[in-house]
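Chemist: Structure provided below as structure tokens; questions to follow.
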Amino acid sequence: MIIPGEPTAATAYWTVGPEKGELRREDLPAPGPGEALVRTLYSGISKGTELVVHNARVPQCVAREMAAPHQEGAFPSPVKFGYLSVGIVEEGPADWPGKTVFCLYPHQDRYIVPVESLTVVPDDVPARRAVLTGTVETAVNGLWEAGPRLGDRVAVIGAGLVGGMVAKLLGAFPLARLQLVDVDPAKRTFAEALGVQFCHPDDALPDCDIVIHCSASQEGLERSLQLAGDEGDVIEMSWYADRKVTLPLGEDFHARRLSVRASQVGVVARARRHRRTAADRLRLAVSLLNDPAFDVFLTGASPFEELPGVVQQLSDGALGALCHVIEYPVIEYPSTEATR
């Protein structure tokens, strides 16, 4: 039972070495003015980025930029990393206790943050689905960067978590053509669940106004350039970490005046930076999750105490997932009468 003003015990997941993680206990101080104590309900594993951290592959030259908002420690390890957490406010300023909130916080069963770091989850968005808020935010930022227009022909390459999310959001745009492209034929069912046309890279249609690349592969980026029409835009949403990528820029890249532009969620896309804050972007992202179709991205679940093994299974490929949900223990407090 939480006693207001008293220290609170917490357990967090830490990466402590290459391919090694563990749960660590810590004491939390009482929340100060403007702070909230949050009890976690669910967190999500952002497979691409978190496995880069798990495998100690964060380049030192971008270590500062790649730090999560509430990260502790430093790359390569020990580091407490993660950013898809949903919980209940247990203590905080007036009107905050009892609210379900999303926070860009690592995997931890309780934590204290300024209330400005919290995004209230709307009543029509289930808490479990709300772990996708950070990924929807990434997709929103990418679309702000890409700027699709009425009647555009768009291809999204890579039917993973981010690529699928981008395609899902693009499905609401009045496009002339939208294709989700992946080498894995099993992704066809996933695309159909999103209401999007699926294509193998060999069958994807060219002359695209915009190609959004999310496969994190050299081959995918090469195919993106091939599918882009003259003076078309390729929006690069993949993160390659420490891998080197070679592109055929000596072919028709210059003759067709193609553009490759990076999208990274750490800052609001340039097209909206002067009129939207990161908090605005998060509020938009969580509001979009009232659509049950997003549940297709939640492909597995495990209890919090199994998290170190789950991360290793994801790294080994023994556990396939788009977003794997971590479930935290349900705590039932005794009634006031029972404690008298």
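The values are calculated or read from the model by the stated rules, or taken from the named source; none is laboratory data. Computed from a predicted model, the values in this text were never measured in an experiment. Positions of Cβ are backbone-derived with ideal geometry, glycine not excepted, and every protein chain shown enters the neighbour counts.
Chemist: Trp239 passes all but one of (1) over 16 Å from Thr133 (Cα atoms); (2) modelled with pLDDT of 95 or more; which number fails?
Modeler: (2)
Chemist: Any idea which of Leu227, Leu169, Leu161, Leu194 is under 24 Å from Arg256 (Cβ atoms), at pLDDT 95 or above and among the hydrophobic types (A, V, I, L, M, F, W, C)?
Modeler: Leu227
Chemist: So which residues in region 254-295 are at pLDDT 95 or above and of a type in the set (Val, Ile, Thr)?
Modeler: Once the filter is applied, which keeps residues that are at pLDDT 95 or above and of a type in the set (Val, Ile, Thr), region 254-295 yields Val260, Val268, Thr277, Val286.
Chemist: Please go through region 180-203 and pick out each residue that is among the aliphatic types (A, V, I, L, M), under 23 Å from Ile45 (Cβ atoms) and crowded, with 18+ Cβ neighbours inside 10 Å.
Modeler: Leu180, Ala191, Leu194
Chemist: Consider region 295-312. How many of its residues are out of contact with any His (no Cβ under 9 Å at 6 or more places or on another chain) and either closer than 22 Å to Trp14 by Cβ or free of Cβ contacts under 8 Å to residues at least 60 places away in the same chain (or both)?
Modeler: Qualifying residue count, region 295-312: 5.
Yes or no, residue by residue, for (1) closer than 20 Å to Ala127 by Cα; (2) surrounded by fewer than 16 Cβ atoms within 10 Å (Cβ to Cβ):
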position	(1), (2)
Gly266	no, yes
Arg272	no, no
Phe297	yes, no
Ser302	yes, no
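Chemist: Let me confirm something: among Lys168, Lys244, which residue is basic (Lys, Arg) and either part of a loop (DSSP other than H, G, I, E, B) or more than 25 Å from Glu137 (Cα to Cα) (or both)?
Modeler: On the way: Lys168 fails: either part of a loop (DSSP other than H, G, I, E, B) or more than 25 Å from Glu137 (Cα to Cα) (or both).
Testing whether each residue is basic (Lys, Arg) and either part of a loop (DSSP other than H, G, I, E, B) or more than 25 Å from Glu137 (Cα to Cα) (or both) leaves just Lys244.
Chemist: If you go through region 197-236 one residue at a time, how many are within 25 Å of the chain's Cα centre (by Cα) and of a type in the set (Asp, Glu)?
Modeler: Result for region 197-236: 4.
Chemist: Among the residues of region 194-208, how many are assigned to a helix (DSSP H, G or I) and among the aliphatic types (A, V, I, L, M)?
Modeler: So the count comes out to 1.
Chemist: Out of all the residues in region 49-99, which are loosely packed, with under 15 Cβ neighbours inside 10 Å and either in contact with a helix residue (DSSP H, G or I) (Cβ under 8 Å, 6 or more places away or on another chain) or not assigned by TED's automatic domain parsing to the domain that holds Glu26 (or both)?
Modeler: The answer is Pro69, Pro93.
Chemist: Residue check, Glu145 against (1) acidic (Asp, Glu); (2) within 19 Å of the chain's Cα centre (by Cα); (3) not in a helix (DSSP H, G or I), all met but one. Which one?
Modeler: That leaves (3) as the condition not met.
Chemist: Out of the residues in region 164-179 meeting the condition of being buried (at least 23 other Cβ atoms within 10 Å of the Cβ) and in contact (Cβ under 8 Å) with a residue 60 or more places away in the chain, tell me which one is farthest from Ile235 (Cα to Cα).
Modeler: By that ranking, first place goes to Lys168.
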